[in-house]
């Protein structure tokens, strides 16, 4: 019963948002670690003001393969110590990833 209710809640959240990128964010489970408001929490860092820290092309590459990218980017080392659960790799179409990136960068999609 809980699984069914959770699925309905997820569908309601994505249907009312009006943003494809936000829909991807919710449907991919990003909210579990980064929160519905992108403020972060115990499992993942804040994603607010991502545009100030991530150029678009780098964010796309990171989301293609987070662990591979993190191994080459020293600034992510502190995050790995604070949030020991690694960022998962999501299998998604390139178009879907682009929608997510646009949402995270605060651009309308």
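Values in this text are rule-based calculations from the coordinates and carry no lab data. No experiment lies behind these values; they were computed from the predicted model shown. As a convention, Cβ positions derive from the backbone with ideal geometry for all residues, glycine included, and neighbour counts pool all protein chains shown.
Considering only the range 68-92, how many residues are under 15 Å from the mean Cα position of the chain (by Cα), farther than 14 Å from residue 25 by Cα and surrounded by fewer than 12 Cβ atoms within 10 Å (Cβ to Cβ)?
Total satisfying the criteria: 2.
Name the helices (runs of 4 or more DSSP H) wholly within the range 19-109 that hold at least 1 residues that are touching a residue at least 40 places away in the same chain (Cβ under 8 Å)?
Details: elements: 20-27, 30-34, 50-53, 56-64, 66-72, 77-82, 94-104.
Per the criteria, 20-27, 30-34, 50-53, 56-64, 94-104.
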